[in-house]
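Have a look at the structure below, then the notes.
FYI, it's all coordinate maths here, none of it is from the lab. Just so we're clear, the structure is a prediction, and the values are computed from it rather than from any experiment. Note: ideal-geometry Cβ built from the backbone for every residue, glycine included; neighbour counts use all protein chains shown.
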Amino acid sequence: MSGRTVLITGASSGIGAELARHLAARGTTVGLVARREDRLAAVLAECREHAPESRMWVADVGEREAAVRLVDAAWDAWGGIDVLVNNAAIPGVRPVTRATPEEVERVMDVNFHAPVRLALAVLPRMLERGSGTIVNVSSLGGRLGIPRESAYCASKFALCGWTEAVKLDLWDTPVKVKLIIPGAVDTEIWDKPDEEGAAYDGPKVPAAEVAADIAATFDDDGFEYYLPDMKQIALFKTGDIDTYMRGSMEMLGG
């Protein structure tokens, strides 16, 4: 990990913050992106103890112009970005009968359009340089519909499809593409008092465990990773959706 530069969105808490800490402790220079300046600054202070060139950028990745601005700033600061981790996401928990177009658009902007814009902004530079990795953090909700999360699932399904197609487009280039499918992870995304309660209320995996698993994918030859329990991918590959659904519900405590 030492000597690399990694740009991480959604880095003020949860998986993003834990990934930044994990990488920095191993000598990786990290770039932290999120909206909450105070939380971001606290994570950055920890990272700089091990990786002093680490930086932070306060930004709303859902804004249309944010991607180019962030990639330009990070590339200029470090002379390149080795890994882009598109991790930022918002839940948007709402029964479809009460959802509004504006809410759905906001979820899509942060969870799908932002990773697309960031990838398109960094990709030409990575191709020209001849190296780079793009890591998109989706969700089990990108493979399985979840009650009251139609907008979230739509955004994550879209991110899965986009990432798969991009992987095919780039198969003969030096740029790696990774798709991460976490299950239930203990992060702040579950605690949104202004939204409906999530349907799932079972056990959750610590964010630090998933972050370590994500970091391990950087040098792996694989593409799609179900974290932290690989039983999910075994069920999905059977092609038997009933088996997959039953297995998922059992794992989720249903």
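Numbers below:
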| item | result |
| --- | --- |
| Surrounding net charge for Leu159, when Lys and Arg each add one and Asp and Glu each subtract one, Cβ distance under 15 Å | +1 |
| Amide H within-cut-off set for Ser54, under 5 Å, with H built and near neighbours excluded | Val30 |
| Proximal charge balance of Gly141 [Cβ under 10 Å; K/R count +1, D/E count -1] | +1 |
| Sparse-neighbour loop sites [GluC sites (Glu not before Pro); the range 1-52; at most 12 other C-beta within 10 Å; DSSP] | Glu49 |
| Likely footprinting exposure, Thr28, Thr97, Thr133, fewest C-beta neighbours within 10 Å first | Thr97, Thr133, Thr28 |
| Pairwise centroid distance, computed over Cα atoms, of the range 1-56 with the range 126-184, Å | 21 |
| For the range 12-29, 3J(HN,Hα) per residue [Karplus equation, 6.51 cos²θ - 1.76 cosθ + 1.60, θ = phi - 60°, Hz, x = Gly/Pro] | 8, 6, x, 4, x, 5, 5, 5, 4, 4, 4, 5, 4, 4, 9, x, 8, 7 |
| Vicinal HN-Hα couplings computed from phi for the range 40-46 (Karplus, 6.51 cos²θ - 1.76 cosθ + 1.60; Hz; Gly/Pro x) | 5, 5, 5, 5, 4, 4, 5 |
| Integer Hz, Karplus 6.51/-1.76/1.60 couplings in order for the range 108-120, x for Gly and Pro | 5, 4, 7, 7, 10, 4, 4, x, 5, 5, 5, 5, 5 |
| Cut-off under 5 Å, modelled amide H: who pairs with Lys176 long-range | Gly132, Thr133, Ile134 |
